[in-house]
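**Q** This structure is in structure tokens; I'll ask about it shortly.
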């Protein structure tokens, strides 16, 4: 498909999605909202982890920091400034984490991100108990479900746009080289650490913003709610199912899985994590490159 | 001051014991096992079941659970890890795949434990009598735990460095490509190493359950600390794991005593980062 045509089509779909809350019941707006949130999360996650193959397990650390920033600042600053602060804090945190671990082998990064959410959660809890003497905060913002949905929709669109633009730029080319072979990329004159760091900061900032925008949905926020490790896990499994190396992959994975999880958490609340884990193992075994690559494979095999 | 040293060593002893299993799995079998901590928790619950249900002492539980952990790990390796090992084109791909698959396994084990035992804190009382060590009062079960960790650690070091079998394992850890040239069956070595790791995880679980409360969701923290100890000590190095484990225990105890108990995890991470900056391959690692 030609690029202008694809853009026109994407714009039409986006407009239709944006108009949807005016016609559908509130429950379905809520479902759309959650789904859009995960599309944005999975796409932002794949932005860094897809091409570099550095599996980040810290999604919820950034997500939670975003939500918590809104909880702390929502009565002090006007809303756009709060979002700006959240993005800034997320970027700064990603910079510190990236600077200390991305110079080293990928496994250090994984280990660090594995514990990051727990570390941030404990530190925030400690700060709240010992310094500010509050545990749990309220978010009072005059938003309904559809307002949050529209913001998330815009953010998801921006995330996809960034992902598309990076894929076509010199940065994207450098990233592909790093993903293929880091040593070769370094010898070809690519500043490997700087590019990884840049991508990680962009991806983490977007994830932080998703958390910040979704914060008003909870009304009441405390560390154990917003730093829930299931968020990291769901993001990862969605991006993997669709294919983390492709622009539309995370979206293709996020939509069906979100609906499935929504149904599972209602029908089997006690066995949710077992089913989630088994499904994940299955995906790693059957289609490690994602659904889109699998489809292409099948189509390629069908041809004579 | 001295009491903190004693307490720190006792805590560090368990960290060392737990991390030895992980370092063997990662160093020799090349499997980064994120579900390691949940295996420990599963062993904790099994010990608790035997103690409260059958009135078996944890020492006897050790006799049952350690071989069980070895056998179960063999099965897990055969059906989950082996296909990934065969599929992976290089070491990096295996690392990513094993991280992903064990991340899934983590949620499965945690979910099973949650359904079986619920989310509450569990503990039992065994050998909870005070003992005087260098003027500090320590619970007897903690001392027993330290003694067990050190004994098992020493036995492992002897086996790895003084027997032919141990030499085979170390050869695979050092040069996985060249080991087959000397007639070493790397597949078998990897399988054995993974199973030994599982057996050590069960040992750690039994020992920990003697003096600590545990929950179904607590596995992640154990995995995290064990991972940090493994990296600090140097990938695949058993002596490194022992030293780094003891060090971590001391750091945690001192931070809890002199700064704030809520900041132990932050302190552990600081030590981890600081050491990585100076020695990226760990204390006992080779470049």
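**Q** In the stretch A:122-157, how many are over 30 Å from residue B:264 (Cβ atoms) and in a helix (DSSP H, G or I)?
**A** Here the count works out to 13.
**Q** Something else about it: Among the residues of the stretch B:51-75, write down those that are under 15 Å from residue B:125 (Cβ atoms) and modelled with pLDDT of 90 or more.
**A** none
**Q** Residue B:216 versus (1) assigned to a helix (DSSP H, G or I); (2) farther than 19 Å from residue B:16 by Cα; (3) within 12 Å of chain A (Cβ to nearest Cβ): which is the lone unmet condition?
**A** With (1) assigned to a helix (DSSP H, G or I); (2) farther than 19 Å from residue B:16 by Cα; (3) within 12 Å of chain A (Cβ to nearest Cβ) applied to residue B:216, the lone miss is (1).
**Q** So, residue B:39, is that one at the interface with chain A (Cβ under 10 Å from one of its Cβ atoms), within 19 Å of the chain's Cα centre (by Cα) and within 28 Å of residue B:231 (Cα to Cα) or not? Lay out the reasoning, then the answer.
**A** Working: at the interface with chain A (Cβ under 10 Å from one of its Cβ atoms): no; within 19 Å of the chain's Cα centre (by Cα): yes; within 28 Å of residue B:231 (Cα to Cα): yes.
The answer is no for residue B:39.
**Q** Between A:247, A:278, which is surrounded by fewer than 24 Cβ atoms within 10 Å (Cβ to Cβ), within 14 Å of chain B (Cβ to nearest Cβ) and more than 24 Å from residue A:101 (Cα to Cα)?
**A** Numbers: A:247 fails: within 14 Å of chain B (Cβ to nearest Cβ).
From the options A:247, A:278, the qualifying one is A:278.
**Q** For the stretch A:92-121, what are the residues that are modelled with pLDDT of 80 or more, more than 23 Å from residue B:264 (Cβ to Cβ) and surrounded by fewer than 18 Cβ atoms within 10 Å (Cβ to Cβ)?
**A** A:92, A:95, A:99 - these are the residues of the stretch A:92-121 that are modelled with pLDDT of 80 or more, more than 23 Å from residue B:264 (Cβ to Cβ) and surrounded by fewer than 18 Cβ atoms within 10 Å (Cβ to Cβ).
**Q** Test residue B:25 against the stated conditions and say whether it is within 12 Å of chain A (Cβ to nearest Cβ), touching a residue at least 12 places away in the same chain (Cβ under 8 Å), within 30 Å of residue A:280 (Cβ to Cβ) and crowded, with 20+ Cβ neighbours inside 10 Å.
**A** For residue B:25, the condition - within 12 Å of chain A (Cβ to nearest Cβ), touching a residue at least 12 places away in the same chain (Cβ under 8 Å), within 30 Å of residue A:280 (Cβ to Cβ) and crowded, with 20+ Cβ neighbours inside 10 Å - is not met.
**Q** Could you list all residues from the stretch B:271-281 that are facing another protein chain (nearest Cβ under 10 Å), in a helix (DSSP H, G or I) and free of Cβ contacts under 8 Å to residues at least 24 places away in the same chain?
**A** B:273, B:274, B:277
**Q** Yes or no: the stretch B:76-93 includes at least one residue that is within 21 Å of residue B:206 (Cα to Cα), surrounded by fewer than 24 Cβ atoms within 10 Å (Cβ to Cβ) and modelled with pLDDT of 90 or more.
**A** Of the residues in the stretch B:76-93, the ones within 21 Å of residue B:206 (Cα to Cα) are B:76.
Right, trim to surrounded by fewer than 24 Cβ atoms within 10 Å (Cβ to Cβ) and you get B:76.
Still in the running and modelled with pLDDT of 90 or more: B:76.
Looking through the stretch B:76-93, at least one residue is within 21 Å of residue B:206 (Cα to Cα), surrounded by fewer than 24 Cβ atoms within 10 Å (Cβ to Cβ) and modelled with pLDDT of 90 or more.
**Q** A follow-up question, please. Would you check which residues across the stretch A:122-157 are within 9 Å of chain B (Cβ to nearest Cβ) and touching a helix residue (DSSP H, G or I) at 6+ places or on another chain (Cβ under 6 Å) and list them?
**A** Listed by number, the residues that qualify are A:122, A:123, A:125, A:126.
**Q** Is it the case, given these coordinates, that residue B:164 is farther than 30 Å from residue B:7 by Cα and in contact with a helix residue (DSSP H, G or I) (Cβ under 6 Å, 6 or more places away or on another chain)?
**A** no
**Q** Here is a further query. Taking the stretch B:122-163, which residues are at pLDDT 85 or above and closer than 28 Å to residue A:233 by Cβ?
**A** Result: no residue meets the conditions.
**Q** Being surrounded by 14 or more Cβ atoms within 10 Å (Cβ to Cβ) and either more than 14 Å from residue A:51 (Cα to Cα) or under 22 Å from the mean Cα position of the chain (by Cα) (or both) is the filter here, so list the residues in the stretch A:177-189 that pass it.
**A** Of everything in the stretch A:177-189, those that are surrounded by 14 or more Cβ atoms within 10 Å (Cβ to Cβ) and either more than 14 Å from residue A:51 (Cα to Cα) or under 22 Å from the mean Cα position of the chain (by Cα) (or both) turn out to be A:178, A:179, A:186.
**Q** Suppose we filter A:167, A:172, A:179 for residues that are assigned to a helix (DSSP H, G or I) and either touching a strand residue (DSSP E or B) at 6+ places or on another chain (Cβ under 8 Å) or within 14 Å of chain B (Cβ to nearest Cβ) (or both); which single one remains?
**A** After ruling out the rest, the residue left standing is A:179.
**Q** Quick one: which helices (runs of 4 or more DSSP H) lie wholly within the stretch A:218-304 and hold at least 3 residues that are closer than 22 Å to residue A:148 by Cα?
**A** A:223-226, A:230-242, A:249-267
**Q** Now for a separate question. For the stretch A:76-88, does any single residue satisfy the condition of being within 29 Å of residue B:279 (Cα to Cα) and either surrounded by 19 or more Cβ atoms within 10 Å (Cβ to Cβ) or more than 14 Å from chain B (Cβ to nearest Cβ) (or both)?
**A** no
**Q** Here is a check on your reading of the model: is residue B:113 within 14 Å of chain A (Cβ to nearest Cβ), in a loop (DSSP other than H, G, I, E, B) and either modelled with pLDDT of 85 or more or within 23 Å of residue B:207 (Cα to Cα) (or both)? First the steps, then the outcome.
**A** Working: within 14 Å of chain A (Cβ to nearest Cβ): yes; in a loop (DSSP other than H, G, I, E, B): no; either modelled with pLDDT of 85 or more or within 23 Å of residue B:207 (Cα to Cα) (or both): yes.
Judged against the criteria, residue B:113 is not a match.
**Q** Here's something else I'd like to know. Tally the residues that are part of a helix (DSSP H, G or I) and facing chain A (nearest Cβ under 9 Å), restricting the search to the stretch B:231-260.
**A** Within the stretch B:231-260, residues that are part of a helix (DSSP H, G or I) and facing chain A (nearest Cβ under 9 Å) number 1.
**Q** Among the residues of the stretch A:89-121, what is the count of those that are away from chain B (no Cβ under 12 Å) and without any contact (Cβ under 8 Å) to a residue 12 or more places away in the chain?
**A** 1
**Q** Moving on to the next point. Kindly list the number of the only condition in (1) surrounded by fewer than 18 Cβ atoms within 10 Å (Cβ to Cβ); (2) in contact (Cβ under 8 Å) with a residue 12 or more places away in the chain that fails for residue A:60.
**A** Result: residue A:60 passes all but (1).
**Q** Report the residue count in the stretch A:202-240 for those that are farther than 20 Å from residue A:125 by Cβ, within 14 Å of another protein chain (Cβ to nearest Cβ) and buried (at least 24 other Cβ atoms within 10 Å of the Cβ). Even if it seems obvious, please write down each step before you answer.
**A** Here is the first cut: in the stretch A:202-240, the residues farther than 20 Å from residue A:125 by Cβ are A:202-207, A:209-210, A:213-214, A:216-217, A:233-240.
After this cut, where a residue has to be within 14 Å of another protein chain (Cβ to nearest Cβ) as well, the list is A:233-240.
If we keep only those that are buried (at least 24 other Cβ atoms within 10 Å of the Cβ) as well, we get A:235-240.
Total satisfying the criteria: 6.
**Q** Here's something else I'd like to know. Give the residues of the stretch B:268-283 that are buried (at least 19 other Cβ atoms within 10 Å of the Cβ) and modelled with pLDDT under 80, sorted by residue number.
**A** Passing the criteria: B:276, B:282.
**Q** Let me ask something additional. Filter the stretch B:116-146 down to residues that are assigned to a helix (DSSP H, G or I) and in contact with a helix residue (DSSP H, G or I) (Cβ under 8 Å, 6 or more places away or on another chain), then give me how many there are.
**A** 8
**Q** Return the only residue of B:200, B:227 being within 24 Å of residue A:106 (Cα to Cα) and buried (at least 24 other Cβ atoms within 10 Å of the Cβ).
**A** The conditions single out B:227.
**Q** Find all pairs meeting these conditions: Cβ atoms under 7 angstrom apart; at least six residues apart or on different chains; first residue within the stretch A:220-232 and free of Cβ contacts under 8 Å to residues at least 24 places away in the same chain; second residue assigned to a loop (DSSP other than H, G, I, E, B).
**A** Pairs found: A:225/A:218.
**Q** Only one of (1) under 21 Å from the mean Cα position of the chain (by Cα); (2) more than 25 Å from residue B:269 (Cβ to Cβ); (3) buried (at least 18 other Cβ atoms within 10 Å of the Cβ) fails for residue A:147. Which number is that?
**A** Condition not satisfied by residue A:147: (3).
The values are calculated or read from the model by the stated rules, or taken from the named source; none is laboratory data. Model, not experiment: these values are computed from the prediction. Neighbour counts run over all protein chains shown; Cβ positions are idealised from the backbone, glycine included.
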